[in-house]
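The values are calculated or read from the model by the stated rules, or taken from the named source; none is laboratory data. All values reported here derive from a predicted model rather than from experimental measurement. Reconstructed Cβ throughout: ideal geometry from the backbone, glycine too, with neighbour counts over all protein chains shown.
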Amino acid sequence: MLREVGKTREKVGRKIIRIVEELPMVGTRAFGIVDMGTNIIEVRPTSLCPLSCIFCSVNAGPKSKVRWAEYIVDVDVLVNAVREIVRYKGCKRVEIHIDGMGEPGTYPYLVDLVQELKNIDGVRVISMQTRLVTFNEKKLLELSEAGLDRFNVSIDAVDPEKARYLSGSEWYNVERVIRLVKYIVDNTKSDVVFTPVWVPGINDDEIPKIIELAKNLRIGKRWPPVLIQKYVPHKHGRKVPVREMSWGEFFKKLRDLEKKFNIKLIPSAEDFDIHKERPLPQVFKKGDVVKVRILDRGIFVNEYLALPIKLTGSHVHDRIITVIASSKLEDVLIGQRIKVRIIENRNNIYIAEPVEF
């Protein structure tokens, strides 16, 4: 079910765990499927990332000090789960968005995954969030031909020095990324949308440059070309010592930029054909006590993956649970059957704590 395939190179070696057999693909933020009750299904095939962006909301990359496991999910496991969930939703306009707590470009079976997902009845669009750093022209063409409709490219600065700083990686080359974007536009059927994170006080001057670059490259043929994201500090994410913009201030700045560049920066749900669809059932409620088996480490230190003892064999109705407990208990907990209490349930992501073991 879970197979350790290596460790990262950091002093505190993170396990790299490959999921090779059927396991519930809903319930954890680390991998699998996230459903928000719309026609967009988020698919997370891996949590690995080569960059250590200073604002990363999920604290990915080599410099992370809070992760102690990474995941790679086999193609068949993901595709089987998506197929069942699409059938359950009964929607013929599904978008599969490949993203996650890492860089999808690190996933070794990405072309196969895209091709298999595109063949599912009801899937109309496949998009992917990426920084493009792991790709070359050949791979981009293969992805487009496999059925990838849109590359959401995370580019946070045009200035090379500022881009390296934001990426937390001296080797990051934004000029190469821009060349790859131009290749996608000129040589493939796929579209590109820029998705910069606006970190106030750091890349304020870069946001207008990114908008100008988008217009010059003629990206966004089917969708709005730039989706600017507001920097928001997260519990496990890297914190940047800046004053966070309020949402009101953020949207005012976007409206001002819309007027200046004659471009749409505040898209509607219709622009991306996002609409409500049958949500997955909430299997557990906050306060429920569930008997589980601890499988292995969770993605963050002091987290474990747990599988409920009672399963239906359905990705629609089965869940995986993250259990919070001291990392010092690893040798005691892994493999054990214990009772846990659900303490958080948001968007079908389940967090629990031990009741007894």
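Numbers at a glance
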{"item": "Those strands (runs of 3 or more DSSP E) lying entirely in region 270-357 with at least 2 residues basic (Lys, Arg), touching a residue at least 12 places away in the same chain (Cβ under 8 Å) and closer than 30 Å to Gly61 by Cα", "result": "289-297"}
{"item": "Glu95 being acidic (Asp, Glu) and buried (at least 23 other Cβ atoms within 10 Å of the Cβ)", "result": "no"}
{"item": "Within region 57-158, helices (runs of 4 or more DSSP H) holding 2 or more residues that are of a type outside the set (Gly, Ala, Ser), in contact with an Asp or Glu (Cβ under 9 Å, 6 or more places away or on another chain) and closer than 28 Å to His236 by Cβ", "result": "75-89"}
{"item": "Filter result for the condition that a residue is touching a Pro at 6+ places or on another chain (Cβ under 7 Å) and either surrounded by 15 or more Cβ atoms within 10 Å (Cβ to Cβ) or among the small types (Gly, Ala, Ser) (or both), over Thr130, Thr195", "result": "Thr130"}
{"item": "In region 52-63, the residues that are crowded, with 22+ Cβ neighbours inside 10 Å and over 12 Å from Asp99 (Cβ atoms)", "result": "Cys53, Phe55, Cys56, Asn59"}
{"item": "Selection within region 239-286 - under 30 Å from Ile309 (Cβ atoms) and surrounded by fewer than 16 Cβ atoms within 10 Å (Cβ to Cβ)", "result": "Arg278, Pro279, Pro281, Gln282, Lys285, Lys286"}
{"item": "From Val94, Val73, residue being farther than 16 Å from His315 by Cα and among the aliphatic types (A, V, I, L, M)", "result": "Val94"}
{"item": "Those residues of region 33-56 which are of a type in the set (Val, Ile, Thr) and outside any loop (DSSP other than H, G, I, E, B), in sequence order", "result": "Ile33, Val34, Thr38, Ile40, Ile41, Val43, Thr46"}
{"item": "Qualifying residue in region 153-166 (condition: closer than 24 Å to Ser246 by Cα, surrounded by 16 or more Cβ atoms within 10 Å (Cβ to Cβ), assigned by TED's automatic domain parsing to the domain that holds Cys53 and in contact with a Lys or Arg (Cβ under 6 Å, 6 or more places away or on another chain))", "result": "yes"}
